[in-house]
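*Asks:* Next up is a structure, given as C-alpha cells.
The values are calculated or read from the model by the stated rules, or taken from the named source; none is laboratory data. Just so we're clear, the structure is a prediction, and the values are computed from it rather than from any experiment. Every residue, glycine among them, receives a Cβ derived from its backbone with ideal geometry; neighbour counts consider all protein chains shown.
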Amino acid sequence: MQHQASPQRYERAVPRYTSYPTAAQFHAGVDGSIYGEWLRTLPGGQPIALYAHVPFCRSICWYCACHTRVARQLSQIEAYAGLLERELDLLAADLGEGRKLMAMQLGGGTPTELGGKALLRIVNHVMSRFTPVSDVEISIETDPRYVTPDLVDILAAAGVTRVSIGVQDFDPAVQRGINRIQPEAMTADCMRMLRTAGIERINVDLVYGLPHQTLGTLAATLATTVRLRPSRVAVFGYAHVPWMAKRQRAIDEAALPDTGQRHAMACLVAEILTKAGYRQIGLDHYALPGDPLAIAADTGRLRRNFQGYTDIQADTFIGIGATAISSLPGGLAQNTGALDAYEAAIRDRRYATARGVHMTSNDLLVADVIERLMCEFEADLPHIARRHGMPEDIFDDDVRRLQSFADEGLIALQDGRLRVTEAGRLAVRLICAAFDHHLPTSDARHSRAI
C-alpha cells in the first residue's frame, strides 16, 4: 500500500534541526567568559573543525536569510580579515596551539570577497596555529559571477579541496524574482576553471520553492546541474521568513509555490537526481557514490551541524567571525552579528560571544536522537537511552505523539527502533519535533516543514 502524508502536515512551521537545542533557545546568559571556559576544558586530544563566517557580498539576493551585507568600502573587508586572524590567536591560546584540525570551511556571505591574498593569509594563519590531519578538508563557498582565473589559482595554492557554488536556479525569470542574474555559462566556466586548477570536489547549491519556479523550470535546472556533474548537490527548500530577513519583502509572495507544489518539487528533485546516479543523503543533499559524504552515509558516519550534512568526524565545531556559531560538549555559543561590537571585542582580546545555550543531559540525549533521524532516518531509542545512562522508556511519551505518523505509514516502530519510511522522509523535521522538548514553550517563528 502506498502511503502519503497529508498536505496539511507540511504547513506546520518547525526548526531545521541543524542543532539541538536550536538557535531559538539561545540566550544572553552565555557570554565570552563561559565560552572561553568551554574551550579551555576541552580534552587535549579532541580534534576540532573550524568555520569562518564572512558576511560580505557584492550584491544582495532577496531570497537569502543569512547574515550578509554589502561592504561600504574595501578597507572594511580588509579590516575584517585582520579580525579573523586575531580571533584565531585567541582560540589557539585557549585550545592550545597545535591542536588537531580535521576541516576548515569558509562561508558567508561570499568569503571570496575577502580577496585572494587575504584568503591565503587566513588559511596559512589557521595552519600555523593548529595541526591539520593528513586529509584535512579546506572548503569555501563562492559566487561564480565574481570568480576569476587569478582567484582560482590562489584557492588552489591555499590547498582548497572543495568549493561550493551558489546557483539556486538557472531559469532567468526565477533569477529576476530573487535578484540574482547568473547565466548558465558563467557557472559552467567557474566549474571548468576549478577543475583545471585541480579542485575536483565541487558542490552546487539549489533551492526549490522560489518565486516563479514551476516543476518544468526546476526540472530544467536539475537537468543542467546533472550535465555539469558536481560531486554534491544540495537542494534546500526556500524558507520565506520576511519577519526575520527584511530583504525577502521584495519577493512577490503571489509568485511563490504553495505547499502542495513545494512537496511535488521536493519529490521531483529526488527522482531526477537519483536517476542520474546521485545518492540521496539525509533530507536535502545528494552526492556521487565515491564522494566522502556518500561513503559516510553508507557506513553510518554521517553527521549534521550548522553547515548542514558533513562527513567530518569532529564533535567540536568552532565558529569565528560575526554571527558564527560554535558547538562544544558544554554547549552552543554564537558571536554577535553587529560588526562594531564584534570588532570591539576582538580588538580588546575578548570573545565576541553574544548568546548561546548550555547543554543539559536531556539535551544531549535528544540531540543524539534527532541527529540519527536527520542523518539515517532511524534511531534505536533503547540503545541511545542506555548510552546516555537513561531508562529505556524515557521516549515513550514522545513516541505516543507520533501515532498519527504511524497511522499514515510515515514511520515504523519495532522493538524500540524508530524508522522513517520512504514516504515519510520529507516529514522528518516534523518527526524530530516530537522529541523537541523546547518547542512547545518556544515563541520563535520557523519556516514551513517543506
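*Asks:* Determine the pairs where a residue that is outside the structural domain of Ala239 (by TED's automatic domain parsing), located within region 439-450, has a partner that is of a type in the set (Asp, Glu) with Cβ atoms under 7 Å apart, the partner being 6 or more residues away or on another chain.
*Replies:* From region 439-450, the pairs are Arg448/Glu11.
*Asks:* If you don't mind, there's one more thing I want to ask. Tally the residues that are over 29 Å from the mean Cα position of the chain (by Cα), assigned to a helix (DSSP H, G or I) and farther than 18 Å from Leu426 by Cα, restricting the search to region 383-414.
*Replies:* Number satisfying all stated conditions: 7.
*Asks:* Tell me which residues, restricted to region 322-334, are touching a helix residue (DSSP H, G or I) at 6+ places or on another chain (Cβ under 6 Å) and either within 18 Å of Val70 (Cα to Cα) or not in a loop (DSSP other than H, G, I, E, B) (or both).
*Replies:* Going residue by residue through region 322-334, those that are touching a helix residue (DSSP H, G or I) at 6+ places or on another chain (Cβ under 6 Å) are 322, 328, 330, 333.
Hits for region 322-334 are Ala322, Leu328, Ala333.
*Asks:* In addition: When Arg429 is evaluated against the numbered criteria (1) of a type in the set (D, E, K, R); (2) touching a residue at least 12 places away in the same chain (Cβ under 8 Å); (3) farther than 30 Å from Ile48 by Cβ, which criterion, by number, is the only one it fails?
*Replies:* (3)
*Asks:* Another question, then. Would you pick out the residues in region 60-91 that are among the aromatic types (Phe, Trp, Tyr) and under 20 Å from the mean Cα position of the chain (by Cα)?
*Replies:* From region 60-91, those among the aromatic types (Phe, Trp, Tyr) are 62-63, 80; that's our starting set.
Within region 60-91, Trp62, Tyr63 meet the criteria.
*Asks:* Quick check: anything in region 21-34 part of a helix (DSSP H, G or I), over 22 Å from the mean Cα position of the chain (by Cα) and either among the charged types (D, E, K, R) or surrounded by 14 or more Cβ atoms within 10 Å (Cβ to Cβ) (or both)?
*Replies:* Just the residues of region 21-34 that are part of a helix (DSSP H, G or I), to begin with: 23-25, 32-34.
Okay, now just the ones that are also over 22 Å from the mean Cα position of the chain (by Cα), so 32-34.
Add one more test, that the residue is either among the charged types (D, E, K, R) or surrounded by 14 or more Cβ atoms within 10 Å (Cβ to Cβ) (or both), and what stays is 32, 34.
Yes, region 21-34 contains a residue that is part of a helix (DSSP H, G or I), over 22 Å from the mean Cα position of the chain (by Cα) and either among the charged types (D, E, K, R) or surrounded by 14 or more Cβ atoms within 10 Å (Cβ to Cβ) (or both).
*Asks:* Also, I was wondering about something else. Just to be sure, is Leu106 surrounded by 14 or more Cβ atoms within 10 Å (Cβ to Cβ), free of Cβ contacts under 8 Å to residues at least 60 places away in the same chain and more than 15 Å from Leu328 (Cβ to Cβ)? Write out each step before concluding.
*Replies:* On the way: surrounded by 14 or more Cβ atoms within 10 Å (Cβ to Cβ): yes; free of Cβ contacts under 8 Å to residues at least 60 places away in the same chain: yes; more than 15 Å from Leu328 (Cβ to Cβ): yes.
It is true that Leu106 is surrounded by 14 or more Cβ atoms within 10 Å (Cβ to Cβ), free of Cβ contacts under 8 Å to residues at least 60 places away in the same chain and more than 15 Å from Leu328 (Cβ to Cβ).
*Asks:* Can you confirm whether Leu206 is in a helix (DSSP H, G or I) and either without any contact (Cβ under 8 Å) to a residue 60 or more places away in the chain or within 25 Å of Arg445 (Cα to Cα) (or both)? Let's see the steps before the verdict.
*Replies:* Values: in a helix (DSSP H, G or I): no; either without any contact (Cβ under 8 Å) to a residue 60 or more places away in the chain or within 25 Å of Arg445 (Cα to Cα) (or both): yes.
Criteria not met by Leu206.
*Asks:* Also, quick follow-up: Could you tell me which numbered condition Ala93 fails, if it satisfies all but one of (1) part of a helix (DSSP H, G or I); (2) at pLDDT below 95; (3) small (Gly, Ala, Ser)?
*Replies:* Unmet condition: (2).
*Asks:* Kindly check whether there is at least one residue in region 371-378 that is outside any helix (DSSP H, G or I), farther than 25 Å from Leu106 by Cβ and either in the same structural domain as Leu50 (by TED's automatic domain parsing) or among the charged types (D, E, K, R) (or both). Steps first, please.
*Replies:* Filtering region 371-378 down to residues outside any helix (DSSP H, G or I) leaves 377-378.
Next, only the ones that are farther than 25 Å from Leu106 by Cβ stay: 377-378.
Right, trim to either in the same structural domain as Leu50 (by TED's automatic domain parsing) or among the charged types (D, E, K, R) (or both) and you get 378.
The answer is yes; a qualifying residue exists.
*Asks:* Limited to region 320-353, what total is found for residues that are buried (at least 19 other Cβ atoms within 10 Å of the Cβ), at positive phi and of a type outside the set (Val, Ile, Thr)?
*Replies:* Looking only at that region, the number is 2.
*Asks:* A further question follows. Out of curiosity, is Ile181 surrounded by fewer than 22 Cβ atoms within 10 Å (Cβ to Cβ), modelled with pLDDT of 95 or more, among the β-branched types (Val, Ile, Thr) and under 21 Å from Gly277 (Cβ atoms)?
*Replies:* no
*Asks:* If you check Val235 against the conditions, is it in a strand (DSSP E or B) and surrounded by 14 or more Cβ atoms within 10 Å (Cβ to Cβ)?
*Replies:* yes
*Asks:* Also, quick follow-up: Within region 141-155, track down each residue that is surrounded by fewer than 16 Cβ atoms within 10 Å (Cβ to Cβ) and under 24 Å from the mean Cα position of the chain (by Cα).
*Replies:* Correct list: Tyr146 only.
*Asks:* Checking Gly96 against (1) within 25 Å of the chain's Cα centre (by Cα); (2) surrounded by fewer than 21 Cβ atoms within 10 Å (Cβ to Cβ); (3) among the small types (Gly, Ala, Ser): exactly one of these is not met. Which one?
*Replies:* (1)
*Asks:* Right, something else. Please determine whether any residue of region 299-307 is in the same structural domain as Asp89 (by TED's automatic domain parsing), farther than 22 Å from Ala245 by Cα and without any contact (Cβ under 8 Å) to a residue 12 or more places away in the chain.
*Replies:* Let us first name the residues in region 299-307 that are in the same structural domain as Asp89 (by TED's automatic domain parsing), namely 299-307.
The next check asks that each one be farther than 22 Å from Ala245 by Cα; those that pass are 299-304.
Those left that are additionally without any contact (Cβ under 8 Å) to a residue 12 or more places away in the chain: 299.
So far as region 299-307 goes, yes, one or more of its residues are in the same structural domain as Asp89 (by TED's automatic domain parsing), farther than 22 Å from Ala245 by Cα and without any contact (Cβ under 8 Å) to a residue 12 or more places away in the chain.
*Asks:* Would you call Arg386 touching a residue at least 60 places away in the same chain (Cβ under 8 Å), surrounded by fewer than 21 Cβ atoms within 10 Å (Cβ to Cβ) and in contact with a helix residue (DSSP H, G or I) (Cβ under 9 Å, 6 or more places away or on another chain)? It would help to see each step written out before you state the result.
*Replies:* Working: touching a residue at least 60 places away in the same chain (Cβ under 8 Å): no; surrounded by fewer than 21 Cβ atoms within 10 Å (Cβ to Cβ): yes; in contact with a helix residue (DSSP H, G or I) (Cβ under 9 Å, 6 or more places away or on another chain): yes.
Here the answer is no, as Arg386 does not meet what is asked.
*Asks:* Right, here's the next one. Can you tell me how many residues in region 102-142 are hydroxyl-bearing (Ser, Thr, Tyr) and in a helix (DSSP H, G or I)? Talk me through it step by step, then tell me what you get.
*Replies:* The first filter runs over region 102-142 and keeps only residues hydroxyl-bearing (Ser, Thr, Tyr), leaving 110, 112, 128, 131, 134, 139, 142.
Narrowing the set further to residues that are in a helix (DSSP H, G or I) leaves 112, 128.
Qualifying residue count, region 102-142: 2.
*Asks:* Looking at region 416-450, which of its residues are modelled with pLDDT under 85, outside any helix (DSSP H, G or I) and either surrounded by fewer than 16 Cβ atoms within 10 Å (Cβ to Cβ) or at positive phi (or both)?
*Replies:* Matches in region 416-450: Ser442, Asp443, Ala444, Arg445.
*Asks:* Regarding Arg58, is this residue of a type outside the set (S, T, N, Q), under 19 Å from Leu119 (Cβ atoms), at pLDDT below 95 and surrounded by fewer than 19 Cβ atoms within 10 Å (Cβ to Cβ)?
*Replies:* Working: of a type outside the set (S, T, N, Q): yes; under 19 Å from Leu119 (Cβ atoms): yes; at pLDDT below 95: yes; surrounded by fewer than 19 Cβ atoms within 10 Å (Cβ to Cβ): yes.
Considered against the rule, which asks whether it is of a type outside the set (S, T, N, Q), under 19 Å from Leu119 (Cβ atoms), at pLDDT below 95 and surrounded by fewer than 19 Cβ atoms within 10 Å (Cβ to Cβ), Arg58 comes out as yes.
*Asks:* Without any contact (Cβ under 8 Å) to a residue 24 or more places away in the chain and in a helix (DSSP H, G or I), is that true of Thr221? Give the derivation first.
*Replies:* Values: without any contact (Cβ under 8 Å) to a residue 24 or more places away in the chain: no; in a helix (DSSP H, G or I): yes.
Answer is no for this residue.
*Asks:* Which of the residues that make up region 146-162 are free of Cβ contacts under 8 Å to residues at least 60 places away in the same chain, outside any helix (DSSP H, G or I) and under 14 Å from Cys190 (Cα atoms)?
*Replies:* Selection gives Val147, Thr148.
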